[in-house]
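The values are calculated or read from the model by the stated rules, or taken from the named source; none is laboratory data. All values derive from a computational prediction rather than experimental measurement. Neighbour counts are summed over all protein chains in view; Cβ atoms, including those assigned to glycine, are modelled from backbone coordinates with ideal geometry. For the accessible areas, the whole protein counts, side chains as well, though only heavy atoms, and no ligand, DNA or RNA atoms are used. Shrake-Rupley method; radii C 1.70, N 1.55, O 1.52, S 1.80 Å.
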Amino acid sequence: MIPAEDCPLDPFRRPTLSWLSIFFDVGHILLSVGAALLVSAAVPAASPALAAGSLLLTALFLLPIKHRMMKRVGFPRENDFRGDSLEFAKTYSPFSLPSDASSAREADWESAGPTERREALLRFMQMLHSASDLDILLELTASQILHCVPAVSFRIALADEDPSFLAYAFSLDHEVRRGERENRLFTADEDLCGTVVRSGVPLVTGEYAETCRIRNLPARESASAWAGYPLSSGPSVIGAMLLLRDTPFTEGEQSLLESIAAAVGPAAAKARLVRESNRRTALVSGLVRASRLILGAAGRKDLPETILSAARDLLPCHSAILLLPESSESWKAAGRTGEAGWRADLPAVGMDHPFVRPIAGDRPAFLDRLPADDPFCSAADGGGAEFHSAVSLALRYREKTCGRVVFWNPLRAAPPREHDAMLLNAFAAICVAALEKDRPQAPPGSAESALSEELTSLQRLDQALNSASDPSEAMAVVLDWGIRYAEAACGLAAICTEDAFEVSAAFGYPPETGLAKGIRLPRDSEGFEEAVRTGQSFRMQSQGTQGRGLLPCGRVSLFLPIRRGVRILGVLLLESESEAAFPPAQAEFLERLASHAAIAISNAQLYAEVRNANQAKSEFISFVAHELKTPMTSIRGYTDLVAQGAVGPVSQPQANFLATIRLNVDRMAALVSDLNDVSRIESGRLKLEFSAVALSPAVDEVVEALRSQMEGKEQKLTLEIPADLPPAWVDRGRLIQILTNLVSNAYKYTPRGGVLRIAAERTSNRWDPSGPPEVVHFLIQDSGLGISLQEQKSIFQKFFRSEERVVRDLPGTGLGLHITRNLVEMHGGKIWFESELHKGSTFHFTVPAASL
């Protein structure tokens, strides 16, 4: 867990109010001493012991009065600031309120008002917005929740591809991460967590064992209070957030947890999609690498070792074994790789062994148990490779199994997902090509050589598909390859929808057919419906002179379903005017091509989902930011009215409190504005209005707005803006925003008495050859804190804040430089900096110069 004092995501850290503490302490001492002096003056002959006793008694008498006065002004209790106190942790949590937001109210969720709760939740959404890695997101969520809601255990369970299975993605017991409990599948029917996921309704109980008994579920936990909240993303529930402890959860805690779960669900779904997309991309890249290595090793003695090394790279496992047929009834190990200690000779096994036993379907076989006397278990025991599970991948060629790759103890002890199964089958086809080519009896120019050439073509196809980020684009690439390979007259690719087939690409059809991208074909169209129903490719030939298919003069149509597991993603149709088109060997290759299309389309759809999730997230943040403007405007307006005496005289302490409220409202308004800019930039909705802008007045406007802050720190500002500086081609408002962000950072991180410099010049663009030829080069220099080498690479990232304590004590959101870089690049310019720790920084940026 992240310690409270190191939490990087709360820019509004609560001050200690040391000045107020000193005021009360000094007053307490002065009153006590004054009382002692009065006693001494009243009794001139009093001894020093009497004076000291009166001082002590007066101090003790005044102590409760001091504490009562401190409580009335909202001063925090002493144990609020102990490092081991939950109250201290709250002050550094997004869900606690700044102490200066309301001095009459304790900073906790139970007593917070609606405005403070909105602000706290907004800051939590800010935290989620910054974490795209799933593990980091869950770690931060646990850290922040446990600052506010004490619990013995905190867990987040996510549903698997098969929603009947769950796995803990995060498990924390007694502040210790329990990695051994994570990523292990369990059925939703065997745990109370599954009830929350299936129903989508929170479940909170103070009698965990009794609740499990009533629902006929095993009680697996020792804690008595249990709280589970569904994590929803759109209409689906992706998992649940669980907390366990011995005392019941209060209504305020339940309200907070429900709000948090509502925010964590979409963020976790997005981060999960990103992780899955990266994993699939890595798998496809691994398949491309494997094909190069294996086909390059065909004919060499090290082919078995190359196959096994590539296998472990594709599907991480304890060991990999290559089994080849020794006879019609016996299989032997031709190679093994992985952990040392396997016996020199692995045993030969018969056709009844689980590793080589034929299975129905084309999925790799998953095995989670072997007989105790299995020969492989006996051979593995000597090497410490105790059996847990295995995946057996059949290497098939023309309906014949010519080998098996066994993955011993794969990292994910569960059946391969549909996407993984397709990749493994593609890997098997590559292995078959190399093994068949390696056989000495294969004559030159044989079918085996043709298969090798076809698989080399598939390798090139994979490289082309890797660049397709849209499902329609991937379909068009596959259709183009299929038409050229089969020498078909025309063809189309259609994606399945609920009630029709939507054409994503069509080549070669006459205009009168009306077949083009975007056309929708009925769900019961001849050939298409059968391809979806059977999940198998089939060849449809015309009878007599009547053409079939969509081509009027077509003689043969080949329908190829694009299938991901049991789900049909689309259909590929190839048509020819020759009755001899699409022979069996060619159709077999086209089926493999359709399998590769399924992988690419699945990846492209996943990418589209991630893009849509990002869009939904940006729209949600934009909506929240917009909705927060109304209450902030009201708070600011009424605060100003009260401060001006509109409802009566205002004392100095009241004026101070009102100034603090106004300061925090301004901070929140800046945060909302920054979040709104980020969401508009990421969604592409931020528009710039370009015009020729005079630069000297724009710079003067920025300087005048910040002059009072710089004078307050006695900083010296030097302006080097030529009077005849030509205009720039920019959006004036956004240029002022760029300059304001950079100049405000310069004065903020420069100590009292420091030096600032702003300069500009029109010059040729020597920094970006691909940019505009003439630019205006701005320079903002300071003598401030500087940036360390380790942090320089992260300075433009969203929500980045330096780990330097001096920097973290200053207000800020970590969004300013991120927005600035995007605005500069949207203008066609470039931004960069030089910096040295404790010696200052110099930020440069360019914008296009207007035509003279």
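Taking 20 °C and 1.002 mPa s as the conditions, I'd like the Stokes-Einstein D for segment 759-800 in µm²/s, using the Kirkwood hydrodynamic radius from alpha carbon pairs.
164
What is the sum of charges around residue 225, taking Lys and Arg as +1, Asp and Glu as -1, for the other residues whose C-beta is under 11 Å from the C-beta of residue 225?
Result for the neighbourhood of residue 225: -3.
Using the Cα centre as the reference, give the magnitude of the dipole from point charges on the C-beta atoms of segment 747-817 (Lys, Arg: +1; Asp, Glu: -1; all else neutral), rounded to the nearest 20 debye.
The calculated dipole for segment 747-817 is roughly 160 debye.
Taking the Cα atoms of segment 724-842, report the difference between the largest and smallest coordinate on each principal axis, in whole Å and largest first.
The principal-axis extents, from largest down, are 42, 29, 26 Å.
Run through segment 752-852 and list the trypsin sites (Lys or Arg not before Pro) located in a DSSP loop whose Cβ has at most 14 other Cβ atoms within 10 Å.
Here the trypsin sites (Lys or Arg not before Pro) that fit, given the DSSP loop and packing criteria, are 752, 766, 793, 839.
Carbon and sulfur: what percent of segment 241-308's accessible surface (1.4 Å probe)?
Exposed carbon and sulfur together represent 55 percent of the surface.
Could you let me know the centre-to-centre spacing of segment 557-607 and segment 737-767, using Cα atoms, in angstrom?
Centre-to-centre (Cα) distance: 59 Å.
With every protein chain present, what is the per residue accessible area of segment 646-752 (1.4 Å probe, Å²)?
51
Which net charge results for the neighbourhood of residue 732, defined as the other residues with beta-carbon distances under 10 angstrom from its beta-carbon, given Lys and Arg at +1 and Asp and Glu at -1?
That works out to -2.
Along the charge dipole of segment 255-325, which of 318, 286, 268 sits closest to the positive end, that is, farthest toward it, with unit charges on the beta carbon of Lys, Arg, Asp and Glu (+1, +1, -1, -1)?
Highest projection toward the positive end goes to 286.
Hey, what does the equivalent ellipsoid look like for segment 151-260, semi-axes from the Cα gyration tensor as sqrt of 5 times each eigenvalue, largest first, whole Å?
19, 16, 15
As I understand it, the dipole of segment 137-212 uses +1 on the Cβ of Lys and Arg and -1 on the Cβ of Asp and Glu, about the Cα centre. Which of 142, 183, 156 lies farthest toward its positive end?
142
Which of rounded, prolate, oblate describes segment 291-337, given a ≥ b ≥ c as roots of the alpha-carbon gyration tensor eigenvalues and a/c under 1.5 marking rounded, otherwise prolate only if a/b is larger than b/c?
Judged from the Cα gyration tensor, segment 291-337 comes out oblate (a/c at least 1.5, b/c at or above a/b).
Enter the accessible area per residue of segment 176-328 (Å², integer; probe 1.4 Å; all protein chains in place).
46
Which whole-number percentage describes the relative contact order of segment 715-852, with Cα contacts under 8 Å and a sequence gap of 6 or more?
30
Of all accessible surface on segment 123-219 at a 1.4 Å probe, what whole percent is carbon and sulfur?
Using a 1.4 Å probe with all protein chains present, segment 123-219 comes out at 50 percent carbon and sulfur.
Given N residues in segment 792-852, what is its alpha carbon radius of gyration divided by 2.2 N^0.38 Å?
Cα-based Rg divided by the globular estimate yields 1.31.
As an exercise, take the mean of 1/r over every pair of distinct alpha carbons in segment 125-175, invert it, and state the Kirkwood radius in angstroms.
Taking the inverse mean of 1/r over all distinct Cα pairs, segment 125-175 comes out at 12.0 Å.
Counting only protein heavy atoms and a 1.4 Å probe, tell me what percentage of segment 494-540's accessible area is made up of carbon and sulfur.
Solvent-exposed carbon and sulfur of segment 494-540 make up 48 percent of the total.
Hey, which of these cross-link pairs are over 29 Å Cα-Cα: 687/713; 517/687; 301/400; 687/716; 517/798?
In this structure, 687/713; 517/687; 687/716; 517/798 exceed 29 Å between Cα atoms.
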